[in-house]
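All remarks here apply to the structure that follows.
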Amino acid sequence: MLELRHIYKTFNPGTINEKKALVDVNLTLEDGDFCTVIGGNGAGKSTIMNAIAGVWPLDSGMILVDGVDISGLSEYQRAPFFGRVFQDPMTGTAADMQIDENMALAARRGQKRGFRWGCTARERQTYRAMLSRLDLGLEDRLTAKVGLLSGGQRQALTLIMATMKKPKVLLLDEHTAALDPKTASKVLQATDQIVTENNLTTLMVTHNMRDAIAHGNRLIMLDSGHIIYDVRGEEKKKLTVEDLLKKFEEVSGGAFANDRMILSK
Amino acid sequence: MAAYFASLNPVALWNAAPGGIAQGLIWGIMALGVYMTFRILNFADMTVDGSFALGGAIAVMLMLKGVNPEIVLVVSFLAGLGAGFITGFLHTMLGIPDILAGILTQISLYSINLNIMGKANQAVPVGQVRVFFTSNIRYLGQTIALTLVVDVILIAIFYWFLGTENGSAIRATGINAHMSRAQGINTNRMKVEALMVGNALVSLSGGILAEYQGFADVKMGQGSIVIGLAAVIIGEVLAQLVAGKRLNFILRLSFTVIGAIVYYMVYVFVLWLKFPADDMKLLTAIVVAIFLAVPYFQEQKTSSFHGLKRRNAKLREAMRKAAEGDDVINDTAAEDERQEQTTETGKEAD
Ligand SMILES: Nc1ncnc2c1ncn2[C@@H]1O[C@H](COP(=O)(O)OP(=O)(O)OP(=O)(O)O)[C@@H](O)[C@H]1O
Ligand SMILES: [Mg+2]
């Protein structure tokens, strides 16, 4: 279970660039919740993900994983709890290392890294099996440098890496935004499959309203650092894109502005 | 001119060559240290100028005190660990940018080394102190063999280390720190570790060189970062030529040492040509600049705005010719023909 309690984050406080990015955000994700996150440009979607992952400390507020406050832990100390996939395919992997070496790094998330071998022959076998399920031909390229892979392949690999060690929460920040539509839907499909199979608690930012409605059991909408809409279950299933746009205008008093999102209505 | 060539003595070159190899092997250890920080950690570490002299200063002073030569080198190595730690601390804990952190340690080591030696340089009285590595011509073969063994052992340990979980974490940190943290790697610790190991190798190399030449000078490390880089880069270019696609990690490390040997052979050769020794640093800098530029220009050839102009000029020419020849043909078969023609004209233009 993930709980955010009264989270505040202001960037560049006291300057003309001051930006209240998160204002009293509260959110509780039950185990197994798959929650999609939408919102306009600069609404604070990435900021919420970064706050949870601990990229920087909060101004105030608590983040609880299974009831334990982790808001005082630094990014790498929290890593055991979270699997992360980023918008930029370059971010999630080490380009100059091999596929198997990248996976071996992820397999040791939360473990002490000592002087045992960094990637054993036995684990390579299991990696091959994991990759073959993706059906991207990566299983035959275990020793290829990740930098040689396409964006979609890298995102799929990052997704595997984020989940091979079961995280308490899977954090996906527009992880298909940089991909072409066909690849994006393939990666989304893989996401769905992995999340359902492992019953992962998931927070997924997307710029595609239809995806936000189609995936998961819960949806939240952010605007200027506030959660302005939160639906789940049957109610969410019945949502349409029009409903969401109307809801947004109603709550925020303006038209929904997200350059990427409008295209994908 | 003729007088100049007559004055060059081939025998002298022959005699100087073993010394060049020995120095190259010793500096090769230093180059491995630079490889660790510059290539693995992606950190331009300026500490090495200071830590190289630190190793030398400590070695000479301990030898003068009659300490065993093996212990002398262990202490040099440990002191390098300390120097790297300071730079790592300045960078990760105090948030000082990488180059500046290294320069601060380097500058402070200058004073520290002066304090260690009590003056700008110290010599070991020849023959009075037992050393492993000596430039004495009678034992030079032995020195070369011993240094070679040391280099091979260090390369093997280096290779093993980077293959471990800890070493993989260091590599990942150098390539993508953000991703590393997301995978639970303490990137700050990894940076400090890599800087420590790198500088320990550099300091060890300085210690061995001090034994070899029988003295240490507070300025012996000056510009050593550039020599280390020269070795790394020459090694990479050579490795690429020799191994090409089959280039693996152990070859890369070996070629770093080979790069240092090549550098010193060139050094010996240039000195033999009566090139003033004072200008060697200038020459080294030029060589490093050229070798650093080579990969850049190779990239430019295939992807640069200027290159595009040239390629487009060719394309325009080809299109113009194709248009002239194909006025009457409009069906799809002509498409293939046009393409063929384009490639042909492309070739002609070459
Ligand atoms: N590190 C930072 N420093 C300063 N300001 C920041 C930082 N990160 C985010 N912001 C600001 O906080 C606000 C929220 O940014 P955030 O990246 O969370 O938006 P988003 O909802 O992810 O938008 P997008 O759809 O464009 O990705 C923006 O105004 C942004 O400029
Ligand atoms: Mg964002």
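What the table below lists for this structure:
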item: Scan of the stretch B:159-198 for residues that are of a type in the set (Phe, Trp, Tyr) and in contact with a helix residue (DSSP H, G or I) (Cβ under 6 Å, 6 or more places away or on another chain), ordered by number; result: B:Tyr159, B:Phe161
item: All positions within the stretch A:14-24 that are within 9 Å of ligand 1 (Cβ to nearest atom) and in a strand (DSSP E or B); result: A:Lys19, A:Lys20, A:Ala21, A:Leu22
item: Residue within the stretch A:37-53 that is within 16 Å of ligand 2 (Cβ to nearest atom) and over 26 Å from A:Arg218 (Cβ atoms) present; result: no
item: Top-ranked residue in the stretch A:73-107 [being touching a residue at least 40 places away in the same chain (Cβ under 8 Å) and of a type in the set (D, E, K, R); ranked as nearest to A:Gly61 (Cα to Cα)]; result: A:Arg84
item: Odd one out for A:Thr176, checked against (1) in contact (Cβ under 8 Å) with a residue 40 or more places away in the chain; (2) part of a loop (DSSP other than H, G, I, E, B); (3) within 16 Å of ligand 2 (Cβ to nearest atom); (4) away from chain B (no Cβ under 14 Å); result: (1)
item: Some residue of the stretch A:165-181 being open to solvent by 30 Å² or more (accessible area, probe 1.4 Å) and hydroxyl-bearing (Ser, Thr, Tyr); result: no
item: Matching option when the condition is in contact with a Pro (Cβ under 7 Å, 6 or more places away or on another chain) and open to solvent by less than 50 Å² (accessible area, probe 1.4 Å), among B:Val131, B:Val67, B:Val72; result: B:Val131
item: Filter pass, A:Val195 being away from ligand 2 (no atom under 16 Å from the Cβ), assigned to a helix (DSSP H, G or I), in contact (Cβ under 8 Å) with a residue 60 or more places away in the chain and out of contact with any Cys (no Cβ under 6 Å at 6 or more places or on another chain); result: yes
item: Count of residues meeting criterion [closer than 21 Å to B:Ala182 by Cα and hydroxyl-bearing (Ser, Thr, Tyr)] in the stretch A:82-137; result: 3
item: Selection within the stretch A:92-131 - open to solvent by 10 Å² or more (accessible area, probe 1.4 Å), away from every other protein chain (no Cβ under 11 Å) and farther than 30 Å from A:Val37 by Cα; result: A:Ala121, A:Arg122, A:Glu123, A:Arg124, A:Gln125, A:Thr126, A:Arg128, A:Ala129
item: Filter pass, B:Asp350 being modelled with pLDDT under 85, out of contact with any His (no Cβ under 6 Å at 6 or more places or on another chain), open to solvent by 60 Å² or more (accessible area, probe 1.4 Å) and of a type in the set (Asp, Glu); result: yes
item: Candidates A:Phe34, A:Phe11, filtered to the one that is within 12 Å of ligand 1 (Cβ to nearest atom), aromatic (Phe, Trp, Tyr), surrounded by 14 or more Cβ atoms within 10 Å (Cβ to Cβ) and away from every other protein chain (no Cβ under 14 Å); result: A:Phe11
item: Where A:Asp69 falls short, out of the listed (1) closer than 13 Å to A:Glu3 by Cα; (2) at the interface with chain B (Cβ under 8 Å from one of its Cβ atoms); result: (2)
item: Residues of the stretch B:142-181 satisfying the condition of being among the aliphatic types (A, V, I, L, M), open to solvent by 10 Å² or more (accessible area, probe 1.4 Å) and at the interface with another protein chain (Cβ under 8 Å from one of its Cβ atoms); result: B:Ile175
item: For B:Arg246: the one exception among (1) surrounded by fewer than 20 Cβ atoms within 10 Å (Cβ to Cβ); (2) within 21 Å of B:Phe132 (Cα to Cα); result: (2)
item: The stretch B:268-288, residues that are surrounded by 13 or more Cβ atoms within 10 Å (Cβ to Cβ) and free of Cβ contacts under 8 Å to residues at least 12 places away in the same chain; result: B:Phe275
item: Enumeration of residues in the stretch A:39-55 that are more than 6 Å from ligand 1 (Cβ to nearest atom), of a type in the set (A, V, I, L, M, F, W, C) and either open to solvent by less than 20 Å² (accessible area, probe 1.4 Å) or under 10 Å from the mean Cα position of the chain (by Cα) (or both); result: A:Ile48, A:Met49, A:Ala51, A:Ile52, A:Ala53
item: Yes/no for A:Leu188 being among the aliphatic types (A, V, I, L, M), open to solvent by less than 30 Å² (accessible area, probe 1.4 Å), within 16 Å of ligand 2 (Cβ to nearest atom) and away from chain B (no Cβ under 14 Å); result: no
item: Residue that is nearest to the other protein chains (Cβ to nearest Cβ), among those in the stretch A:73-91 that are open to solvent by less than 30 Å² (accessible area, probe 1.4 Å), within 16 Å of ligand 1 (Cβ to nearest atom) and touching a strand residue (DSSP E or B) at 6+ places or on another chain (Cβ under 6 Å); result: A:Arg84
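The values are calculated or read from the model by the stated rules, or taken from the named source; none is laboratory data. Small disclaimer: the values here were computed from a predicted structure and weren't measured. With ideal geometry, Cβ positions are generated from the backbone for all residues, glycine too; neighbour counts draw on all protein chains shown. Note: accessible area is taken over every heavy atom of the protein model, side chains too, but ligands, DNA and RNA are not part of it. Shrake-Rupley method; radii C 1.70, N 1.55, O 1.52, S 1.80 Å.
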